[in-house]
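See structure below.
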Amino acid sequence: MRWLLSGSLGILFLSGATCAQPPDDLSPAGAEISSAIVATAPRISEISFTGLRHIAPGAVEAQVSSRAGAPLDARRMEADVRALARLGWFESIRVETRASTNPSPESSEELQRVAIIFHLKELPFLSGVNFSGSRLLSQQQIQKLLEEKKLSPGLGKPADPAALQQMAFAIRTALNELARPDAVVRIERKEAPNATVSVRFNIDDGAHLRVRRVSFEGNPQFSANVLRRQMNSITPWQPFASLRSKNAYTREAFEADRQRILSYYQNHGYPEARIGSAQVARTSEPSRRWFPWPHAEAHAGLSLTVPVEAGPFYRVESISISPALQHAADERRGRPVILPEWQQGVPYSAQQIERVRRWWLVQVQPKDSKSDSAPYLSVATRPTFESDKHSARVELDLGDAPPYLVQRIEFQGLHKFSDRYMRRRIPLREGRPVDDRALEAGLARIARTGYFKPIRKEDVHVRMDDGTHTANVSIHVEEAGQQRASLIGGHAQFGSTLGIAYTVFDLLNREELLSAQLEGGPESLQVMLGLAKEGIFGTRASLAFSVFNNVVRPRFASSAQGPFFSSHSEGITVPWSYAINSTDSVVLNYTLSRTMTEYPVTTPAAVPGVTIGNVRNDISMHSLGMGWAHDIGNERLAFSNSVSGGVLGGGENMLRSSGEYGRIAHDPVFSQGNSWAFRTTLSGAGSYRGDLPFHARLFSADEIVRGLRPGELGPDALIFKSISSGAPALSAAPAGANLIGGANAEYRVPLGGGTEAAYFFDLGSGRLLPNWLGPSRPLLLSSTNGVLHGSTGIEFRWTVPGVNVPIRAYYAVNVLRLNRSIRLSDKSVLFARNRFSAFGWGLGSLF
């Protein structure tokens, strides 16, 4: 560049004189002078490249904007050098200008034509990459690590030193996360005469130094235990910390924890808190070992000291709304907008203030972005802190700068899925203000489809333009494929099942979903085929069609010998669903089915509530159902109701209803990485005309209370059976239930590698209400009807890679169970009891 600038010094002087006055303000005389200067500037006669060995000159020439015959422009030449440097092809770039020796056909002045020569030194091509020296990371692990970070070495491409350094940094970071802070990665290059190079990464793992102590100094105000609970990346005091790489120090991990601690201060009355960088020191802790003989041993490690300055404590004195903001909100909503109630004197919380600001931001935005021409407005908060009173006053007003609007949303990596398919699942829209919560909710919805690999933070890029106050969102996705196979099964209503579900998306290029499901076990078999179409008629609705065929032969081995009955059902279901908004959806479905049930001919009395007159039953069902679901990611509320018979036709006249509420919340006490999960569910079924078929009752078990067998959540019925002597004998059998309620609570701890542990407590009860059964009613044991069951235990889950289906295994102890003796007569006593503990398993999430 220096050669070019020195050779074009006079040109830059003339160009500077020309640019001293803007071109739009030039007078006619000034325009003539400018044209004369441009005419006297040297013109490029030719552009040549030297030093090229593997790369064709045409490929390089296509990357520069300077062309032969154009005037020499120093700024354009500088831009060309930068463009070539960004390619990563060359080790050095030098530009030279020489007087052209070719005669000019337009002028005899030889000084007005110059030749441009790019002196290039190519980077050698990468021929091989090896990794050696590490005892912790194998070749396959390192290659997988680089693939995940999109740093895989490009063999046969120029060996970019910056890319090699990034690979070394990624390997060193992975070793740091394994408590190896002294890890070193050296790059050795071996160049060959044919301009190729092979690279070897010599890795030194370093000593194993895990974090043993974390302390806080300065003026923390909060106790060390409270501050440690805010840390999630470096937590050596937690169980299985070494297995989850939670006892290793890295700058990135501490920075994440520092931000969490700072947020805790800012949300608990300390908005001016300061958290410094951790002071890392080596330490040695003595310990006593008893194997193979008693001896003392010292363990080396790291000690972290975090400087903290809490600053003054503030309470919120008032939150006021400016007249301009109030007027804008009233005008946009068409009614007076009232600030939600705010309790004065509460500790200052930046998070709560931001929620209030977002609430007002929604109020002042146009209702309909397509038809409303009103501009978008921004809302700003202006807190005022009075240190002598320890009080804070917050004023909300219209912002001076307009909000950042989404200019473009781009999806990268799509092959089989259309851009429209992705946009329908993200509530963030182009032309609307940037909303990070809407973006996160949309990405979570895409991940739940199972057709894409998990989307990480580095896959989402938001580029803000301060000049135009616009934002461009780029999302890189990686498709898992059009076809998906997943495992299904577990403990069902009638015994254990195992099956497979197979889906194909967009096979007919109509964004349709073809699905097939086969699930079975010793007591049941179900086959289902379905076709679903999303975006029907260009709306947000979806329409589906499925046919099913299932066979059930339940055996309740814990009580009376079965099978109680044999049921065969077949039919079709047509569901229609519509997304009201980003969180709410409604479902309407219509089902036609036929069920044939056969009861044992020899022992019809063994079936509670079934008489000798209905050994065989053939029922057709015409059912209409409606459901509503509210899902915001960490909270779900769903209701469903259906009615069959009556004006719909068919032989089954039933009402069914169910409701479920679930919520997941991060643990604010022990660790933000852990979470609490809660669920409550209620289901009921009843007949409003005629009998309630026995197979339509609810035989719930461990899907409500883990540790129970099928049917044990409901009551038992008294049945009569004959023994070998011919005398009648009394026994008990599950009678099913028509009203089931349950509640579940879990404390979930991620263990890494797709594994999670959960400590659970389940409560549930089932009742059989005779008034809902029709004329045929079993002889219930009243002391078993409505018994409260409860269990506690631990469950481990592992998500199978590829299919993304969790496999659950649990051990439950029935702390509340049925365990009593029931006197049937003076000579007969029945012992009704549930097992004390049990192992169980399942596929998919329980809730």
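The values are calculated or read from the model by the stated rules, or taken from the named source; none is laboratory data. Everything numeric in this text was worked out from a predicted model, so none of it was measured. Heads up, the Cβs are rebuilt from the backbone with ideal geometry, glycines too, and the neighbour counts pull from every protein chain shown. Just so you know, the surface numbers come from the protein's heavy atoms only, side chains and all, with ligands and any DNA or RNA stripped out. Shrake-Rupley method; radii C 1.70, N 1.55, O 1.52, S 1.80 Å.
Flag set for Y590, criterion: among the aromatic types (F, W, Y) and either surrounded by fewer than 18 Cβ atoms within 10 Å (Cβ to Cβ) or at pLDDT 85 or above (or both).
State whether one or more residues within the range 292-313 are open to solvent by 50 Å² or more (accessible area, probe 1.4 Å), among the small types (G, A, S), farther than 17 Å from L178 by Cβ and in a loop (DSSP other than H, G, I, E, B). Taking every residue of the range 292-313 in turn, none turns out to be open to solvent by 50 Å² or more (accessible area, probe 1.4 Å), among the small types (G, A, S), farther than 17 Å from L178 by Cβ and in a loop (DSSP other than H, G, I, E, B). Suppose the filter is touching a strand residue (DSSP E or B) at 6+ places or on another chain (Cβ under 7 Å), within 30 Å of Q266 (Cα to Cα), at pLDDT below 90 and among the aliphatic types (A, V, I, L, M); does I338 pass it? When the stated conditions are applied, I338 does not pass them.
Determine whether I319 is in a helix (DSSP H, G or I) and open to solvent by less than 50 Å² (accessible area, probe 1.4 Å). When the stated conditions are applied, I319 does not pass them. In the range 525-536, is there at least one residue being at positive phi and at pLDDT below 80? Among the residues of the range 525-536, at least one is at positive phi and at pLDDT below 80, which makes the answer yes.
Here R229 fulfils each of the conditions (1) free of Cβ contacts under 8 Å to residues at least 40 places away in the same chain; (2) open to solvent by 30 Å² or more (accessible area, probe 1.4 Å) apart from (1). Scanning the range 641-664 for residues that are closer than 30 Å to E746 by Cβ and open to solvent by 20 Å² or more (accessible area, probe 1.4 Å) yields a count of 9.
Summed over the range 433-457, residues that are open to solvent by less than 70 Å² (accessible area, probe 1.4 Å) and either farther than 28 Å from L487 by Cα or assigned to a loop (DSSP other than H, G, I, E, B) (or both) total 9.
Residues of the range 192-220 that are under 35 Å from the mean Cα position of the chain (by Cα) and open to solvent by 50 Å² or more (accessible area, probe 1.4 Å): H208, R210, R212, R213. Within the option set R244, R189, R180, being open to solvent by 20 Å² or more (accessible area, probe 1.4 Å), assigned to a loop (DSSP other than H, G, I, E, B), touching a strand residue (DSSP E or B) at 6+ places or on another chain (Cβ under 7 Å) and basic (K, R) holds for one residue only, R244. I'd like to know if the range 496-503 contains one or more residues that are in contact with a Ser or Thr (Cβ under 8 Å, 6 or more places away or on another chain), surrounded by fewer than 16 Cβ atoms within 10 Å (Cβ to Cβ) and at pLDDT 75 or above. So far as the range 496-503 goes, yes, one or more of its residues are in contact with a Ser or Thr (Cβ under 8 Å, 6 or more places away or on another chain), surrounded by fewer than 16 Cβ atoms within 10 Å (Cβ to Cβ) and at pLDDT 75 or above.
Taking every residue in the range 707-731 that is under 30 Å from A809 (Cβ atoms) and pairing it with any residue that is modelled with pLDDT of 80 or more and of a type in the set (S, T, N, Q), at least 6 positions away or on another chain, the pairs with Cβ-Cβ distances below 6 Å are G707/S791; G707/N814; E712/N834; L713/S700; P715/T784; P715/N785; D716/T784.
Within the range 749-791, the set of residues being more than 17 Å from A809 (Cα to Cα), of a type in the set (S, T, Y) and either in contact with a Cys (Cβ under 9 Å, 6 or more places away or on another chain) or not in a loop (DSSP other than H, G, I, E, B) (or both) comprises S765, S782, S783, T784. Could you look through the range 78-103, keep only residues that are outside any helix (DSSP H, G or I) and open to solvent by 60 Å² or more (accessible area, probe 1.4 Å), and pick out the one that is modelled with the highest pLDDT? Restricting to residues being outside any helix (DSSP H, G or I) and open to solvent by 60 Å² or more (accessible area, probe 1.4 Å), the top hit is R94. Against the criterion of being outside any helix (DSSP H, G or I) and either modelled with pLDDT under 85 or over 30 Å from S593 (Cα atoms) (or both), R663 qualifies. Kindly check whether there is at least one residue in the range 785-793 that is more than 20 Å from W676 (Cβ to Cβ) and of a type in the set (A, V, I, L, M, F, W, C). Within the range 785-793, one or more residues are more than 20 Å from W676 (Cβ to Cβ) and of a type in the set (A, V, I, L, M, F, W, C).
For the range 126-166, a residue qualifies if it is assigned to a strand (DSSP E or B) and either open to solvent by 60 Å² or more (accessible area, probe 1.4 Å) or over 18 Å from R180 (Cβ atoms) (or both), and the qualifying residues are L126, S127, G128, V129, N130, P158.
On the stretch given as the range 665-674, residues that are buried (at least 19 other Cβ atoms within 10 Å of the Cβ) and either under 16 Å from S845 (Cβ atoms) or aromatic (F, W, Y) (or both) total 0.
Residue-by-condition table, conditions (1) modelled with pLDDT under 80; (2) in a strand (DSSP E or B):
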{"residue": "G686", "(1), (2)": "no, yes"}
{"residue": "S700", "(1), (2)": "no, no"}
{"residue": "R709", "(1), (2)": "no, no"}
{"residue": "A717", "(1), (2)": "no, yes"}
{"residue": "K721", "(1), (2)": "yes, yes"}
{"residue": "S724", "(1), (2)": "yes, no"}
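Note down all Cβ pairs under 8 Å where the first residue falls in the range 104-120 and is under 10 Å from R43 (Cα atoms) and at pLDDT 75 or above, the second is open to solvent by 100 Å² or more (accessible area, probe 1.4 Å) and in a loop (DSSP other than H, G, I, E, B), and they're at least six residues apart or on different chains. The qualifying pairs are A115/T101. Of all residue pairs spaced 6 or more apart or on separate chains, those with beta-carbon atoms under 7 Å, a first member in the range 471-485 that is touching a residue at least 12 places away in the same chain (Cβ under 8 Å) and a second member that is open to solvent by less than 50 Å² (accessible area, probe 1.4 Å) and among the polar types (S, T, N, Q) are R484/T503.
Select from the range 247-287 the residues that are of a type in the set (G, A, S), at pLDDT 85 or above and touching a Gly at 6+ places or on another chain (Cβ under 9 Å) and write down the one among them that is surrounded by the most Cβ atoms within 10 Å (Cβ to Cβ). Of everything passing the filter in the range 247-287, A273 is surrounded by the most Cβ atoms within 10 Å (Cβ to Cβ). Taking residues in the range 250-276 that are assigned to a loop (DSSP other than H, G, I, E, B), and partners anywhere that are surrounded by fewer than 19 Cβ atoms within 10 Å (Cβ to Cβ) and among the basic types (K, R), not one pair has Cβ atoms closer than 6 Å while being at least 6 places apart or on different chains. The residues of the range 458-482 that are assigned to a strand (DSSP E or B), loosely packed, with under 14 Cβ neighbours inside 10 Å and of a type in the set (D, E) amount to a single one, D465.
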